[in-house]
1. Per residue of the range 102-117, what does 6.51 cos²θ - 1.76 cosθ + 1.60 with θ = phi - 60° give for ³J(HN,Hα)? Whole Hz please, x for Gly and Pro, Karplus curve as stated.
2. Show me 407-420, 383-396, 264-277, 331-344 ranked by packing, highest mean number of other Cβ atoms within 10 Å first.
3. Based on the alpha carbons, how large is the Rg to Rh ratio for the range 291-423 when Rh follows Kirkwood?
4. May I ask which of Lys433/Lys456; Lys110/Lys492; Lys171/Lys456; Lys110/Lys433; Lys171/Lys433 have a Cα-Cα span longer than 25 Å here?
5. Could you give the dipole magnitude of the range 230-382 about its Cα centre, charging the beta-carbon of Lys and Arg +1 and that of Asp and Glu -1, in debye to the nearest 20?
6. Over the chain, with the other protein chains present, what is the accessible area per residue in square angstrom, probe 1.4 angstrom?
7. What is the ratio of the Cα radius of gyration of the range 1-127 to 2.2 N^0.38 Å, where N is its residue count, to two decimals?
8. In whole percent, and with a 1.4 Å probe on the protein chains, what portion of the accessible area of the range 42-190 is carbon and sulfur?
Amino acid sequence: MPRHEPADVVIVGSGAAGAVCALVLAEAGIRTVCLEQGPWWRPEDYPHWGADWEWRRLTDWSTAVNTRRKAHDYPVDTTDENTLMWCGVGGSTTIYTATWPRFRPSDFRKGTEHGLAPDWPFTYEDLAPWYDASDALVGVSGILGDPSYPPRGPFQTRPLPPRRMGRWAQKAFDRLGWHWWPMPCAMIAEPFDGRPACNNCGACQNGCPRGSMHSASFTIWPKALAAGCELRTDARVERIETGADGRATGVTYVDRMSGVRHHQPAEVVIVAANGVGTPRLLLLSESAKHPHGLANSSDQVGRNLMHHVLGIAGLWVDGVTDVHAGVISAAQICCEFAETDPARGFVNGMTFHIVGQNGAGFQALGAHPGNVAPWGARHHAHFRSHFNHGIGFLLVGDDLPQPTNRVTLSLTSKDSSGLPAPHITYKLHENDKRLIRFAADRAREFAAAADAFDFKLNDFGLSSADGYRPPAWHLLGTARIGDDPANSVTNKWHQAWDCANLYVVDGSSMPSGAAVNPTSTITAMALRAASHLRDNFVDLRRATVTRRD
């Protein structure tokens with residue numbers, strides 16, 4: 001097995017968190033190697049250039065890993081969800097929507113609020129400067145002054161245009177007396193940091209080949225490489241190796257192109273492989289010292305999986321909305337119901353996100369809510385009345401972490417390298433069901449306030465006998481941070497309790513999931529964790545270092 005020169009740090013995963021860690025450490029002169037099991041996607045690879053771009057969005061460029069079935073992916077063994085992720089440089093920042101709200105102060109203290117999720121080991125106020133710093137790194141559009149959030153640092157560009165869809169939604173919110181605000185997005189409305197402004201093409205979820213949308217492959221990796229980080233693509237990490245003392249010694253990976261296995265020694269290992277890939281790798285890395293998987297003495301690795309409880313609605317109005325032009329997500333966010341109100345009969349909250357409906361083909365197929373144009377004589381009349389007359393909106397709820405919602409290793413499914421695939425079990429808590437039903441009622445109120453002539457809600461099976469089966473966009477909670485090694489995997493600096501030179505930095509670190517998209521918070525956490533590691537790196541070389549707080 002080829003053995004590489006030792007690195008100071010090896011990072012597994014090149015997505016939102018891994019890229020930030022690579023940049024911070026490489027700029028400090030720390031020899032850093034990052035291993036990514038997928039390729040580097042070139043701008044010309046993106047579907048934008050062909051007439052079949054909508055078809056490719058549903059097939060080879062799908063966000064669903066079990067739909068793509070590419071050799072660089074790994075399958076997910078589950079009947080409970082449709083797991084969404086992307087393998088390649090930039091990770092899932094390649095094909096997401098760059099929706100960039102922050103968590104709220106209350107999201108960091110759910111243990112104090114209601115006790116059905118733990119408090120985080122740090123506060124919103126602790127993370128606030130890292131939010132500002134990560135925004136300055138990636139470029140965020142928005143407008144200051146949202147009264148539903150604490151004061152914050154500047155946005156890098158003005159907000160993206162709301163178009164007629166957004167203006168129609170604003171009137172409906174105002175009629176209801178519900179708070180709304182332009183959605184912060186990691187898409188730039190003006191040139192920033194050498195990148196062009198968004199041209200409002202509307203194909204955001206196909207990736208942005210221009211670099212107007214923050215993808216780590218465009219915004220961070222060029223800087224990390226210039227600073228000296230080494231990035232190896234098509235490098236699938238099989239396990240994290242440990243010594244007799246239980247400390248990490250490096251990783252073993254397979255070059256997917258040649259099939260040759262390599263060993264990369266390192267002083268420190270950072271795992272940033274998302275909320276499914278990270279627990280999978282930790283469980284694959286069992287040893288005599290770590291018999292239940294690496295960093296798993298608490299039995300928390302893989303547990304507490306969160307996705308957000310989700311509904312997608314659409315309404316159609318007697319007016320042109322430009323619903324397929326401009327960014328797909330999101331024109332506005334409504335935080336009217338974001339906080340817990342015990343009078344509703346559940347804890348936690350939800351937010352509305354006003355979103356687009358993609359192109360003509362996608363709209364004819366019903367868009368996200370599934371309002372499919374009928375085949376036959378009524379098809380053209382339905383299409384004429386619905387195409388470019390729609391408004392999409394997401395109902396995003398804060399699902400509770402449950403130990404039974406978890407990632408384990410599949411007994412039957414393997415990836416193209418022969419490694420066990422992750423197996424996922426995910427069911428909604430009764431609290432979450434009450435939350436999304438409340439959100440559905442508010443969606444119907446919103447449709448009425450918008451004077452909609454048609455309305456459709458996709459609750460992903462919540463009202464059916466088969467039960468809820470979400471598109472699992474957000475992969476959170478499976479290796480959470482905490483103050484107590486008995487019920488968490490890492491400390492507040494993302495350092496594993498059981499393995500002093502192992503860090504876990506990605507969505508799996510989150511003790512709770514809030515009611516908004518997580519990438520802004522993941523990026524801020526990564527910047528905070530990497531900066532702490534950089535400033536304390538010399539200590540981590542000492543074999544006597546154990547649990548560091």
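The values are calculated or read from the model by the stated rules, or taken from the named source; none is laboratory data. Because the structure is predicted, anything quoted here is derived from the model rather than measured. Cβ: placed from backbone, ideal geometry, glycine included. Neighbour counts: every protein chain shown. Quick note on the areas: whole protein, heavy atoms, side chains included, nothing else; ligands and nucleic acids left out. Shrake-Rupley method; radii C 1.70, N 1.55, O 1.52, S 1.80 Å.
1. 8, 5, 9, x, 5, 5, 8, 9, 5, x, 5, 5, 9, x, 8, 8
2. 264-277, 383-396, 331-344, 407-420
3. Numbers: Rg = 20.9 Å, Rh = 18.4 Å.
Ratio of gyration radius to Kirkwood radius for the range 291-423: 1.14.
4. Numbers: Lys433/Lys456 19 Å; Lys110/Lys492 16 Å; Lys171/Lys456 20 Å; Lys110/Lys433 18 Å; Lys171/Lys433 29 Å.
Result: Lys171/Lys433 exceed 25 Å.
5. Details: 11 positive and 14 negative charges, 90 e Å.
It comes to approximately 440 debye.
6. Values: 19440 Å² over 549 residues.
The answer is 35 Å² per residue.
7. Values: Rg = 18.9 Å, N = 127, 2.2 N^0.38 = 13.9 Å.
Its radius of gyration relative to the 2.2 N^0.38 Å reference: 1.36.
8. Values: 3400 of 6010 Å².
After summing per-atom areas, the C and S share lands at 57 percent.
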